[in-house]
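*Asks:* Pasting in a structure now, in structure tokens, and then I'll have a few things to ask.
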Amino acid sequence: MAIRDRLSGNEAVAVAMKQINPDVVAAFPITPSTEVPQYFSSFVSDGKVDTEFVPVESEHSAMSACIGAQAAGARTITATSANGLALMWEMLYIAASSRLPVTLAVVNRALSGPINIHNDHSDSMGARDSGWIQLYGETNQEAYDNLIQAIRIGEHPDVMLPVMCCYDGFITSHAVENIELVEDEKVKEFVGDYKPEHYLNNAANPVAMGPLDLQNHYFEHKRQQAEAMKNAKKVILEIAAEYEKLTGRKYGLFEEYKMDDAEVAVVVINSTAGTAKYVVDQLREKGVKAGLIKIRVYRPFPVEEIAAALSKCKAVAVMDKADSFNAAGGPLFTDITSALYGRVDGVKVINYIYGLGGRDVKTDDIEVVYNELLEIVKTGQVKSVYNYLGVRE
């Protein structure tokens, strides 16, 4: 029977970690993810887990320690935000290319500079091509559920890749919400034991990890890594189906909200989806066929599925809480338009950069986006593809 509780997003993730009982957690504090290892360290000191907790001197060291532990055959988890993720940059690529399924809670925060401790997605979006699977969660419940599923996803023999579980700093990480927890023994049974085929402490089958890899083999190893990311999409759905049987909570590659007959739609990530859903409901009451897609799985990107979901729309706005500084559009926008290219004709797609540095996003702002889409449907004209929302020009 599910356990009902009231937890912040960070506490929910720490509780998930406690239930998973990883072999190693190596972490360094950074706002707003600090509470995750802080809560978890209390579980360690109280003897509620068997985890080796490694307090390190930097985020680079945290990921380095996780890589070493995972390579030795230990299940590892850590957490970070913003500049901490940036300091891990070198090691993110090493974890992924070494096929080590480290699990990382990324509490999304604006990436300096100027220094800012509030929410946007510039940190994880900057790492989108590092080879990590990326899951995103709108609520505390989704942050908790994603972390538990991430263990199984990354460790699947057809995948063996590290996984980021991303959720919004302060908005989700510190806000307290009602949540349903899975019983400890059921989580333990769901994630199972970590039994890698290759690991450094296996004396019967010695291996090398992270060796010099020159022209003769590097390309082939990258191709294998790319294939593992493709495999992850199927694995994510299989594990989500298994998790639904356990909890009754359904997860896919993305959530479709009132999309069956939608003529205009917004595509968004994380907590802003809640605000946008309210606006969709208000528009529906007025007879407007509005819908929303909330991305859950950003890497691997669900190309065919997104194209199918948006194919019946007349106009779509992609909302990015990060800018690519490419003079063309945000990261989610370029992935959405790439997915539609050659697969869907006639859908007008525009981009809005919004909420950078924690700028508030209100229902009025979302209404502006939908009204622009309705104007595009009415006139057939797109005034501007690449736009900014809620900024003083």
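*Asks:* Based on the mean of other beta carbon atoms within 10 Å per residue, what is the order of 333-342, 265-274, 107-116, most packed first?
*Replies:* 265-274, 107-116, 333-342
*Asks:* Before rounding to the nearest 500, sum -39500 (n - 2.57) across all DSSP H runs of length at least 4 in the chain and divide by the residue total; then give [θ] at 222 nm in deg cm²/dmol.
*Replies:* -12500 deg cm²/dmol
*Asks:* Let me ask something else about it. Please report MET17, MET1 as a ranked list, fewest other C-beta atoms within 10 angstrom at the top and most at the bottom.
*Replies:* Ordered from fewest to most neighbouring Cβ atoms within 10 Å, MET17, MET1 come out as MET1, MET17.
*Asks:* Using unit Cβ charges (K, R positive; D, E negative) and no other charged atoms, how large, in debye to the nearest 20, is the dipole of the stretch 1-86 about its Cα centre?
*Replies:* 260 debye
*Asks:* Continuing with the same structure: For the stretch 306-317, just list the computed ³J(HN,Hα) in residue order, Karplus coefficients 6.51, -1.76 and 1.60, θ = phi - 60°, integers in Hz, with x standing in for Gly and Pro.
*Replies:* For the stretch 306-317, the Karplus-derived couplings read 5, 4, 5, 5, 9, 5, 8, 7, 9, 8, 9, 10 Hz, x marking Gly and Pro.
*Asks:* With the dipole of the stretch 3-247 worked out from charges on the C-beta (+1 for Lys and Arg, -1 for Asp and Glu) around the Cα centre, which of GLY126, ALA110, THR34 lies farthest toward the positive end?
*Replies:* With unit charges placed on the Cβ atoms, the residue in question is GLY126.
*Asks:* Just to confirm a number: summing +1 for Lys and Arg and -1 for Asp and Glu over residues other than ILE269 whose beta-carbon lies under 15 angstrom from that of ILE269, what do you get?
*Replies:* Every neighbour counted, the sum reads -3.
*Asks:* How long is the chain along each principal axis, judged by its Cα atoms, biggest number first, in Å?
*Replies:* Between the extreme Cα coordinates on each principal axis of the chain lie 69, 53, 44 Å.
*Asks:* Return TYR354, TYR298, TYR218, TYR199 ranked ascending by Cβ neighbour count within 10 Å, so the fewest neighbours appear first.
*Replies:* Going from least to most buried by this count: TYR218, TYR199, TYR298, TYR354.
*Asks:* Go through LYS234/LYS286; LYS234/LYS383; LYS188/LYS321; LYS250/LYS289 and tell me which ones have a Cα-Cα distance over 27 Å in this structure.
*Replies:* Pairs exceeding the cut-off: LYS234/LYS286; LYS234/LYS383; LYS188/LYS321.
*Asks:* Here's a follow-up. Taking the 0 to 90 degree range and rounding to the nearest ten, how far is the long axis of helix 272-285 tilted relative to the main principal axis of the chain, both from C-alpha atoms?
*Replies:* 30 degrees
*Asks:* For the ranges 85-94, 219-228, 62-71, 247-256, what's the packing order if you count other beta-carbon atoms within 10 Å of each residue, average per peptide, and put the highest first?
*Replies:* So the peptides 85-94, 219-228, 62-71, 247-256, ranked by packing, come out 62-71, 85-94, 247-256, 219-228.
*Asks:* Normalised by the residues of the stretch 254-389, what does the relative contact order come to in percent, with Cα pairs under 8 Å and at least six apart?
*Replies:* 27 percent
*Asks:* Put a dot 7 Å past each Cα toward the Cβ at SER41 and ALA208; how far apart are the dots in nm?
*Replies:* 3.8 nm
*Asks:* What do you get for the angle between helix 218-247 and the principal long axis of the chain? Use alpha-carbon atoms, 0 to 90 degrees, nearest ten.
*Replies:* The two axes meet at around 80 degrees.
*Asks:* Hey, what angle do you get for helix 331-340 against the long axis of the chain, alpha-carbon based, 0 to 90 degrees rounded to 10?
*Replies:* 70 degrees
*Asks:* Give the relative contact order (percent, whole number) for the chain; include only Cα pairs under 8 Å separated by 6+ residues.
*Replies:* For the chain, the relative contact order is 16 percent.
*Asks:* List, in order, the whole-Hz ³J(HN,Hα) value for each residue of the stretch 165-178 obtained from phi through the Karplus relation with A = 6.51, B = -1.76, C = 1.60 and θ = phi - 60°; use x for Gly and Pro.
*Replies:* 10, 9, 8, 6, x, 6, 4, 9, 5, 10, 6, 8, 9, 5
*Asks:* Still on this structure, I have one more. Just order 133-142, 344-353 by mean Cβ neighbour count inside 10 Å, highest at the front, would you?
*Replies:* 133-142, 344-353
*Asks:* Once the piece of chain linking VAL385 and GLN215 is laid out straight, how much longer is it, given 0.36 nm per residue of separation minus the C-alpha distance between them?
*Replies:* Extra length available between VAL385 and GLN215 comes to 57.1 nm.
*Asks:* Additional query: Lys and Arg at +1, Asp and Glu at -1: add these up for the other residues within a Cβ distance under 9 Å of TYR39 and post the number.
*Replies:* With Lys, Arg at +1 and Asp, Glu at -1, the net is -1.
*Asks:* When a/c reaches 1.5 or more, the comparison of a/b and b/c decides; with that in mind, is the stretch 254-389 rounded, prolate or oblate per its Cα gyration tensor?
*Replies:* Rounded, because the longest to shortest axis ratio a/c is under 1.5.
*Asks:* Using modelled backbone amide H atoms (1.01 Å from N, in-plane), which distant-in-sequence or interchain residues come within less than 5 Å of LYS289's amide H?
*Replies:* GLU263
*Asks:* Calculate how many DSSP beta bridges within the stretch 3-247 are antiparallel, expressed in % of all such bridges and rounded to the nearest 5.
*Replies:* Just about 20 percent of them are antiparallel.
*Asks:* Among rounded, prolate and oblate, which fits the stretch 1-137 when a ≥ b ≥ c are the square roots of the eigenvalues of its C-alpha gyration tensor, a/c under 1.5 means rounded, and a/b larger than b/c means prolate?
*Replies:* oblate
No value in this document is a laboratory result; all are computed from the given coordinates. Quick caveat, the model's predicted, so the values are computed rather than measured. All Cβ positions, glycine included, derive from the backbone under ideal geometry; neighbour counts span all protein chains shown.
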